[in-house]
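Have a look at the structure below before the remarks.
The values are calculated or read from the model by the stated rules, or taken from the named source; none is laboratory data. In this text the structure is predicted, and so the values were computed from the model without any measurement. Virtual Cβ from ideal backbone geometry, glycine too; neighbours counted across all protein chains shown. Keep in mind that these areas ignore ligands, DNA and RNA; they rest on the heavy atoms of the full protein, side chains included. Shrake-Rupley method; radii C 1.70, N 1.55, O 1.52, S 1.80 Å.
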Amino acid sequence: MTHALPGYVCPEDETRADVRTAPWCCPVCGGPWDLDFTPDPASPLAPDAGPPSLWRYGGALPLPGAFSVTMSEGRTPLVPLGERIHAKLDFLMPTLSFKDRGAVMLAELARRLGPERVVADSSGNAGTAIAAYCARAGLTCEVFVPEGTSAKKTDQMRAHGAAVRVVPGGREAAALAARAEADLPGVFYASHVFNPYFLHGTKTYVYEVWEELGGRLPDALVLPVGNGTLLLGAALAVRELARRGVRPPQLIAVQAEAVAPLASAFASGAQDAAPVPELPTLAEGIAIPAPPRARQILAAVRASGGTFLTVPEPALRAAQRDLARRGLFVEPTAAACWAAVGPLSPADPLKGRTAVVPLCGAGAKAGLPE
Ligand SMILES: [Zn+2]
């Protein structure tokens, strides 16, 4: 039996499209898609009865029926870091970052759609995650990366069987090259930014927090934000769990001070973010000068009563080392939230509230910068 796949809907102009025939972005405004999908709050959530992966939340996921792509992703531990903060160890994933939550959904979706080619673009963890999950799904993929992408990451993509296309210029040039291919017939664009199935994978981060805290959420979810793939997934889950009676937390979004278009827009009350220069930062995973989902990210943080925090470079470095001295070695991007709300933060932005921070990428990916 075949199951219908939820369709795409544009959050700006409500244009709708069938997943099997849709272009990769809204044909009216060129923006990213949302999914026309809300899980039934009356359907039971019984993760204990499910498979040992994020598919245990199948009732809340937009890919109904039998799944075949998995590497037992998800179910990452929640460990205390001090009295009021828990860290969720999302670096303990098959490719060592939270991006596996979304990549498994895109690979399963691609397997069902059966395209001739799969293309993606990334300079970092999303590219390695998509290459790995495409390998798992038996799909070949091409990943467009900007020149200068670390050999560690491109070697891993190639090892998974992906064709790595190095594009001269920055990450925007790599994205444009991938999108030119994505416009061709028979191509599936496995975009962690434009494809909303990715966000319905990252939302399992919050479902797991809910489960691990005994059926509740903390006062605040602190989330690193570049393209907002974890924050927007979290916002989806918070909304879905609220329909089941779970009290919504505030969303506290963290950016590197060096590249903070969303924090600037939030502070000025703007609905959208103006592009900023791409200054160097240790937090390269969230260094996105013009995030396509800026409007949605700003709206989600405001609706939650949350805020934005920015972190200077020395604080990133100090937080990475502080976590390592507590036994947790993560990449600098993944230390941003600890820098923002942990004991090294001069401002104590949590003010006694409980919070969960994701440690979302392994230190082995980036080493320890000077
Ligand atoms: Zn649109």
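Residue by residue through region 248-257, which ³J(HN,Hα) values in whole Hz follow from phi under the Karplus form 6.51 cos²θ - 1.76 cosθ + 1.60 (θ = phi - 60°), with glycine and proline marked x?
Using θ = phi - 60°, the values come out as x, x, 6, 9, 10, 9, 10, 10, 6, 3 Hz.
If the only charges are +1 at each Lys and Arg Cβ and -1 at each Asp and Glu Cβ, what is the size of the charge dipole of the chain around the Cα centre, to the nearest 20 debye? All intermediate terms of the calculation are to be shown ahead of the outcome.
On the way: 34 positive and 35 negative charges, 139 e Å.
The calculation lands at about 660 debye.
Long-range amide H contacts for Val254: which residues qualify at under 5 Å (H placed 1.01 Å from N, peptide plane, sequence gap of 5 or more or a different chain)?
Leu223, Val225, Leu309
What residue among Ala274, Ala151, Ala294 shows peak mean-square fluctuation when the chain is described by a Gaussian network model with Cα springs under 10 Å?
Ala151
Out of Cys134, Cys26, Cys360, any idea which swings most in a Gaussian network model of the chain, alpha carbons joined below 10 Å?
Highest fluctuation of the listed residues: Cys26.
Given the Cα-Cα distance of Arg216 and Leu184 and 0.36 nm per residue of separation, how much length would full extension add, in nm?
On the way: separation 32, 0.36 × 32 = 11.52 nm, distance 4.50 nm.
Once the chain is fully extended between Arg216 and Leu184, it gains 7.0 nm.
Positive end of the charge dipole of the chain (Lys, Arg +1 and Asp, Glu -1 on Cβ, about the Cα centre): tell me which of Ala315, Ala42, Pro289 has its Cα farthest that way.
About the Cα centre, the residue reaching furthest to the positive side is Ala42.
Which one, Val167, Thr128, Ala180, is farthest towards the positive end of the dipole of region 100-191 when Lys and Arg carry +1 and Asp and Glu -1 on their Cβ?
So the residue we want is Thr128.
Using only alpha carbon pairs under 8 Å that are at least six residues apart, calculate the relative contact order of region 19-79 and give it in whole percent. Walk me through the intermediate numbers first.
On the way: 43 pairs, mean separation 14.3, N = 61.
Reported relative contact order: 23 percent.
Let me know the shape class of region 174-295, please: from the alpha-carbon gyration tensor, a ≥ b ≥ c as square roots of the eigenvalues, rounded when a/c is under 1.5, otherwise prolate if a/b is greater than b/c, or oblate.
Values: a/c = 2.25, a/b = 1.31, b/c = 1.72.
The shape class here is oblate.
For Glu12 and Arg243 in one chain, what is 0.36 nm times their gap in residues minus the Cα-Cα distance, to one decimal in nm? Mind dumping the intermediate values first?
Working: separation 231, 0.36 × 231 = 83.16 nm, distance 2.34 nm.
Full extension of this stretch gives 80.8 nm more.
Isolated Cys in the chain by the 4.7 Å beta carbon test?
Unpaired cysteines in the chain: Cys25, Cys29, Cys337, Cys360.
Choose one answer from Pro32, Pro280, Pro292: the residue with the largest mean-square fluctuation in a GNM of the chain with alpha-carbon springs under 10 Å.
Of Pro32, Pro280, Pro292, the most mobile in the Gaussian network model is Pro280.
Tell me which residues come under 5 Å, amide H to amide H, from Gly361 once H is placed; ignore anything under 5 positions away on its chain.
For Gly361, whose amide H was placed from the backbone, the distant partners under 5 Å are Phe91, Glu331, Ala334.
Grab the beta carbon distance between Arg302 and Ala46, set R0 = 45 Å, and tell me the FRET efficiency rounded to 0.05. Present the calculation step by step, with values, prior to reporting the outcome.
Values: r = 33 Å, r/R0 = 0.74.
Computed FRET efficiency for Arg302 and Ala46 comes out at 0.85.
How large a share of the accessible area of region 229-318, in percent, is made up of carbon and sulfur atoms when the probe is 1.4 Å and the other protein chains stay in place? Mind dumping the intermediate values first?
On the way: 2070 of 3640 Å².
Carbon and sulfur together cover 57 percent of it.
Once neighbouring chains are kept in place and the probe is 1.4 Å, which whole percent of the accessible area of region 100-191 is contributed by carbon and sulfur?
In region 100-191, the share of accessible area belonging to carbon and sulfur is 50 percent.
Can you classify region 100-191 as rounded, prolate or oblate using the Cα gyration tensor, where a ≥ b ≥ c are the square roots of its eigenvalues, rounded means a/c under 1.5, and otherwise it's prolate if a/b beats b/c and oblate if not? Kindly include the intermediate steps, with their values, before the conclusion.
Numbers: a/c = 1.93, a/b = 1.25, b/c = 1.55.
Note, shape of region 100-191 comes out oblate.
In debye to the nearest 20, how big a dipole does region 100-191 give about its Cα centre with +1 on each Lys and Arg Cβ and -1 on each Asp and Glu Cβ? Don't skip to the answer; put the middle values down first.
Values: 11 positive and 10 negative charges, 52 e Å.
The calculation lands at about 260 debye.
Just going by the charge dipole of the chain, with Lys and Arg at +1 and Asp and Glu at -1 on Cβ, which of Leu81, Val206, Thr95 is farthest out on the positive end?
Selected residue: Leu81.
Beyond 41 Å, what share of the Cα-Cα pairs of the chain is found? Please give it as a whole percent. Working shown, then result.
Working: 3350 of 68265 pairs.
The proportion of pairs with Cα distances above 41 Å equals 5 percent.
Run through region 111-175 and list the GluC sites (Glu not before Pro) located in a DSSP loop whose Cβ has at most 14 other Cβ atoms within 10 Å. Walk me through the intermediate numbers first.
On the way: sites: Glu116, Glu142, Glu147, Glu172; in loops: Glu116, Glu147.
Filter output for region 111-175: Glu116, Glu147.
Probe of 1.4 angstrom, ligands and nucleic acids ignored: what's the accessible area per residue over the chain, in square angstrom?
Details: 14490 Å² over 370 residues.
Roughly 39 Å² per residue, with all protein chains present.
Provide the gained length on full extension for the span Glu257 to Ala364, in nm with one decimal, where the gain is 0.36 nm per separating residue minus the Cα-Cα distance. Could you put the intermediate results ahead of the total?
Working: separation 107, 0.36 × 107 = 38.52 nm, distance 2.39 nm.
Taking Glu257 through Ala364 to full extension adds about 36.1 nm, to one decimal.
Going by a ≥ b ≥ c, the root eigenvalues of the Cα gyration tensor, does region 159-204 fall in the rounded group (a/c under 1.5), the prolate group (a/b larger than b/c) or the oblate group?
The shape class here is prolate.
Near Asp48, within a Cβ-to-Cβ distance under 9 Å, what is the net charge of the other residues, with Lys and Arg +1 and Asp and Glu -1?
Numbers: positive: Arg56; negative: Glu211.
Surrounding charge for Asp48 is 0.
Using the Karplus curve 6.51 cos²θ - 1.76 cosθ + 1.60 with θ = phi - 60°, work out ³J(HN,Hα) for each residue of region 258-266 in order, rounded to whole Hz, and write x for Gly and Pro.
Once θ is set to phi - 60°, the couplings for region 258-266 become 5, 9, 10, x, 6, 4, 5, 5, 4 Hz.
Can you give the charge dipole size of region 62-131 about its Cα centre, rounded to the nearest 20 debye, using +1 on the beta carbon of Lys and Arg and -1 on the beta carbon of Asp and Glu? Numbers along the way, then the final one.
On the way: 8 positive and 7 negative charges, 22 e Å.
That gives region 62-131 a dipole magnitude of about 100 debye.
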